[in-house]
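Working notes for the structure below.
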Amino acid sequence: MVVRPGIVVGQARPEDIQALVALCLAARRESVVGPQVCSPDGHALAQQLGALVSAPGGTVLTARDEGGLMGLLLARVLGPTPFADDVSLAVEAVYVDRAHRRRGVGHALMAGAAQVAVEAGAEVVYAAPIPGARGMQRFFVQLGFAPAATHRVVTTTALQRRLAIDATAASRAPGRGLDDLIARRRHLRLALPGEEPGDERQSARRSITKQVRRAVQIRRDAESSTTIS
């Protein structure tokens, strides 16, 4: 399914296995707790990914564009069990390649996960961010996930609502996101040697400041229009 312009999310294909292994190994290298992410052995990792897809409820989603895979999401549909009557979706990993970040790929993958949850009849979605992965912790918090033991949890309907609001906010502010605008503003604060206060750089600062304020207001409006559980 196409959940963002230029981004197609769907179930992994057999021919994707090597690209998936490469993404997993890239995630391992980036993490400060690499051994907790996956095995460093590409062959073993390929077998493990195949086992996950083959297991009951196992799901591997990919995000791709015309150039190939941009990210992946690993999840499992759980239940009902002797301990729980309800069905839930457990998201075990989300990773977006460095070259494709800040394009909405992570949101697209989570929209795909929400669709999997709906089709499975799962009313809640759990996520287990890797310890020390602060970026992923913030990502899940922004999507409405609340603490639940060692995991985070959100209802499927609340997740879909949050994703829809974020997509609307993104469409209102095309181009660079709020984080990019802030980064540009910080960059401009580093005055060059010999630079005068009244040069073109000051005008650029004012323009970016206005964009940051507008993006912050859009985010606040979006956050105030929904109930996060």
* **Positions within region 79-112 being touching a helix residue (DSSP H, G or I) at 6+ places or on another chain (Cβ under 8 Å) and part of a helix (DSSP H, G or I), in sequence order** => 98, 106, 107, 110, 111
* To do: Would you check which residues across region 139-156 are among the hydroxyl-bearing types (Ser, Thr, Tyr), open to solvent by 30 Å² or more (accessible area, probe 1.4 Å) and touching a residue at least 24 places away in the same chain (Cβ under 8 Å) and list them?
  => 155
* Return the residue satisfying two criteria in turn: it lies in region 87-111 and is over 15 Å from residue 65 (Cα atoms) and more than 10 Å from the chain's Cα centre (by Cα), and of such residues it is most open to solvent (accessible area, probe 1.4 Å). => 92
* To do: Can you tell me which residue within region 124-138, out of those that are touching a residue at least 60 places away in the same chain (Cβ under 8 Å) and of a type in the set (Gly, Ala, Ser), is most open to solvent (accessible area, probe 1.4 Å)?
  => 132
* **Any hit, region 59-81, residues being within 19 Å of residue 151 (Cα to Cα), without any contact (Cβ under 8 Å) to a residue 40 or more places away in the chain and among the hydroxyl-bearing types (Ser, Thr, Tyr)** => yes
* Asked: Yes or no: residue 161 free of Cβ contacts under 8 Å to residues at least 40 places away in the same chain and either of a type in the set (Lys, Arg) or open to solvent by less than 40 Å² (accessible area, probe 1.4 Å) (or both)?
  -> no
* To do: Give 57, 34, 42 a once-over and let me know the one that is over 15 Å from residue 97 (Cβ atoms) and buried (at least 16 other Cβ atoms within 10 Å of the Cβ).
  => 57
* How about region 11-21: which of its residues are surrounded by fewer than 16 Cβ atoms within 10 Å (Cβ to Cβ), farther than 19 Å from residue 104 by Cα and not acidic (Asp, Glu)? -> 13, 14, 18
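The values are calculated or read from the model by the stated rules, or taken from the named source; none is laboratory data. The model shown is predicted, which means the values in this text are computed figures rather than measured ones. Note that we place each Cβ from the backbone using ideal geometry, even for glycine, and neighbour counts take in every protein chain shown. These accessible areas exclude ligands, DNA and RNA; they are computed on the full protein's heavy atoms, side chains included. Shrake-Rupley method; radii C 1.70, N 1.55, O 1.52, S 1.80 Å.
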